[in-house]
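Participant: Here it is, the structure in full.
The values are calculated or read from the model by the stated rules, or taken from the named source; none is laboratory data. None of the values given here were measured: they were computed from a predicted structure. Counting neighbours? That spans all protein chains shown, and the Cβs are built from the backbone with ideal geometry, glycine included.
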Amino acid sequence: MHKHASQRIKAQPSVPDKLFYKIGEVSKITGVESYVLRYWQTEFPFLNPRKNKSGQRVYVKKDLEVVLMLKKMLYQERYTIEGVRKRFENGILNFAEIKPIQEAKPDIIKNPAEAIAFVKKRLKQIADSIK
């Protein structure tokens, strides 16, 4: 990893490059306790992670972005649960405003096969997040 890339990543949560994250991983990445994540899921219908075959919650990157937005609104901007809900319901805040989590990307892709593999992986992640 280049020196500049490591400095850039420290400013944001460290997000492993995966398609799905378990609740414990989401808790560690976002700094929000698992029980709080489960509570938020009951309060905010737009935070609705899927469940895998064994019934565990599995989050995608978009879910992590929503969690980080909720954390900012509730803890930094001091919105109430009802205030956050109203902002989403009234269309004042929409999912387009949620900033994507930056992930470490190779600065230089050395060969076309690597570039194609990287693009395929990202397209699959995007497709999975909108299903």
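Participant: Mind counting the residues in the stretch 8-28 that are part of a loop (DSSP other than H, G, I, E, B) and either at pLDDT 65 or above or under 11 Å from the mean Cα position of the chain (by Cα) (or both)?
Facilitator: Keep residues of the stretch 8-28 that are part of a loop (DSSP other than H, G, I, E, B), which gives 11-20.
Still in the running and either at pLDDT 65 or above or under 11 Å from the mean Cα position of the chain (by Cα) (or both): 13-20.
Residues flagged as part of a loop (DSSP other than H, G, I, E, B) and either at pLDDT 65 or above or under 11 Å from the mean Cα position of the chain (by Cα) (or both) within the stretch 8-28 amount to 8.
Participant: What pairs can you find where one residue is in the stretch 62-81 and without any contact (Cβ under 8 Å) to a residue 60 or more places away in the chain, the other is surrounded by fewer than 14 Cβ atoms within 10 Å (Cβ to Cβ) and assigned to a helix (DSSP H, G or I), and their Cβ atoms are less than 7 Å apart, with a gap of 6+ or different chains?
Facilitator: Cβ pairs passing all conditions: ILE81/GLU43.
Participant: Taking the stretch 29-78, which residues are part of a helix (DSSP H, G or I), surrounded by 18 or more Cβ atoms within 10 Å (Cβ to Cβ) and aliphatic (A, V, I, L, M)?
Facilitator: Answer for the stretch 29-78, where residues must be part of a helix (DSSP H, G or I), surrounded by 18 or more Cβ atoms within 10 Å (Cβ to Cβ) and aliphatic (A, V, I, L, M): ILE29, LEU37, LEU64, VAL66, VAL67, LEU68, MET69, LEU70, MET73.
Participant: For the condition in contact with a helix residue (DSSP H, G or I) (Cβ under 8 Å, 6 or more places away or on another chain) and modelled with pLDDT of 95 or more, what is the one hit in LEU64, LEU68, LEU37?
Facilitator: Result of the check over LEU64, LEU68, LEU37: LEU37.
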